[in-house]
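K.L.:
Have a look at this one before I ask anything.
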Amino acid sequence: MPFASLGLMPELVRALSDRGYAQPTPVQSRVIPEILAGRDILAGSQTGTGKTAGFTLPLLQRLQAQQNPSRAPRAVVLVPTRELAAQVADSIKSYGKYLQLRTITIFGGVSINPQIDALRRGVDILVATPGRLLDHAQQGNVDLRSVEILVLDEADRMLDMGFIADIRRVIKLLPQQRQNLLFSATYSDDIRRLAQGLLKQPVEIEVARRNAAIETVEQGAYMIQKDRKRALLSHLIRQGDWNQVLVFTRTKHGANRLTKQLQDDGIEAAAIHGNKSQSARTKALADFKGFNIRALVATEVAARGLDIKELPHVVNYELPNVPEDYVHRIGRTGRAGATGVALSLVAPDETGLLKDIERVIGKRVSQLPIPQISEPPAGRSVAPREPQEYKPHQDPRRQQQRERQPRSNSNTAYPSDSNRQGFDGGNQNARRGRPQNGNSAHRQESQRSASFGRGAGNSQNRQPQSQGHSRPGQRGGRGQWRSGNQGRR
């Protein structure tokens, strides 16, 4: 059944043809006619089955049919992560390239000013994360009273990330009369409870069993000690000649550490997680898609929203604590009918997590024999040199100066000399080589000459001043204690 038979306008069919899409997926075949009819939707579908296009195509057609000169958004798509926001916005722009509709993306982690400028110029479709959208609404940058369609994409993930309160605050800013579309890769009971308060007589669509993994993904697990995981992963990438592999870790620190270890093994790798700046995350993803790096090490933040065409391999370096997250991780491969391989490295303390995953997906994950692990070639590190922080006390010039000028046993910061006995005994004038007797006028003149460098007094009786700078609370060159900036000229 071609896309045209679903009632889509020629401009959308043409855009689909440009991307090489001729036949709709099962979820698209069911949701597109319902959305075009104006009904609310509660849809659950496996990740990678085309649900983004399922709501994007009819949304574009409905907005195009009702042109509005207002600059306020007429459709809002809420997503949990920056990466998913960028992916959805790219899909909307690609499918709607022959339509006169404006789409912008707003999310946190970047400057808010360009987003304010874009909102002022006007927008039809707004793709946003809940927190940043509320920031704009509170500042008066966006008016949501003209919204006709609300889409919640990856709704279960937004609930997991604690966005339910923000979602409800956004809903209060919307008009009562609107169309609501709720899409999720998993179909949990929490989603049903959210739908009860949001949707009005929704059409429920579930094209696959709840939390089922994609059948085109070949799954396997290696039972291995934790300290051998890195060596096995490096071996699999090198011996299998993998050009692209998405590796999931449980923590941000673990992602950084594994990235450095892979680089030390001569494997081009980059990390992507919540602590990375948006520019760094965008660059890492672009390098991965452009085959500039072989391994992209990610935390759960990247499990949703990464759409990499024909990604061949996904590796669970550490199993997720939530079994449903396993479905999203391996769903990055085997998308749109393609095949893929998802491997898990399971330590002894993770066997319980593996059993929970098997219970959720309804099938056993086959255990694979551990191969003979080969060591990586020596001297092939591709790790970039980290910029070293400049520390003045490590300046080699200071070290050389200290070696040339050994310190005395006293607490002073000045080098000792043959005429200086320290500060704890003897007459100061005698230590400075000055006569102990004499009138006070001569002593005062000698002190002034030493201070200002004038030639009064007997120059042979004066010792040269120290080359170092006086420090607060230390003995000055005139035999007096200096404090702060006293005595400086």
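K.L.:
Which order, highest average first, do 90-100, 223-233 follow once you tally other Cβ atoms within 10 Å for each residue and take the mean per peptide?
P.N.:
Top to bottom by mean Cβ count within 10 Å: 90-100, 223-233.
K.L.:
Which whole-number percent gives the relative contact order of region 124-256, counting Cα pairs below 8 Å spaced six or more residues apart?
P.N.:
Worked out over region 124-256, it gives 20 percent.
K.L.:
A further question follows. Rank by packing, highest mean first: peptides 27-35, 54-62, 123-131, with packing defined as the count of other Cβ atoms within 10 Å averaged across residues.
P.N.:
54-62, 123-131, 27-35
K.L.:
Quick one: putting +1 on the C-beta of Lys and Arg, -1 on the C-beta of Asp and Glu, what dipole do you get for region 108-256 around its Cα centre, in Debye to the nearest 20?
P.N.:
With only Lys, Arg, Asp and Glu charged at Cβ, the dipole is about 480 debye.
K.L.:
Can you give the extra length, in nm with one decimal, that the chain gains between ALA22 and ILE308 once fully stretched, where that is 0.36 nm per residue apart less the Cα-Cα distance?
P.N.:
Between ALA22 and ILE308, full extension yields an extra 101.0 nm.
K.L.:
By how many nm would the segment from ARG250 to LYS355 grow when fully extended, if each residue of separation counts as 0.36 nm and the alpha-carbon distance is taken off?
P.N.:
36.0 nm
K.L.:
Could you rank the peptides 351-359, 315-323 by their average count of other C-beta atoms within 10 Å per residue, with the highest value first?
P.N.:
By packing density, highest mean first, the sequence is 315-323, 351-359.
K.L.:
Using r as the Cβ-Cβ distance of GLN372 and THR339, and R0 as 30 Å, what FRET efficiency do you calculate, to the nearest 0.05?
P.N.:
0.65
K.L.:
Averaging sequence separations of C-alpha pairs under 8 Å and six or more residues apart, then dividing by the length of region 30-148, give the relative contact order as a whole percent.
P.N.:
30
K.L.:
Once you've got the Cα coordinates, tell me which of LYS93/LYS283; LYS51/LYS355; LYS252/LYS283; LYS276/LYS363; LYS260/LYS289; LYS172/LYS200 are over 25 Å apart.
P.N.:
LYS51/LYS355; LYS276/LYS363
Values quoted throughout were computed directly from the atomic coordinates according to the rules given, and no laboratory measurement underlies them. Computed from a predicted structure; not experimentally measured. Positions of Cβ are generated from backbone atoms using ideal geometry, with glycine treated the same way; all protein chains shown enter the neighbour counts.
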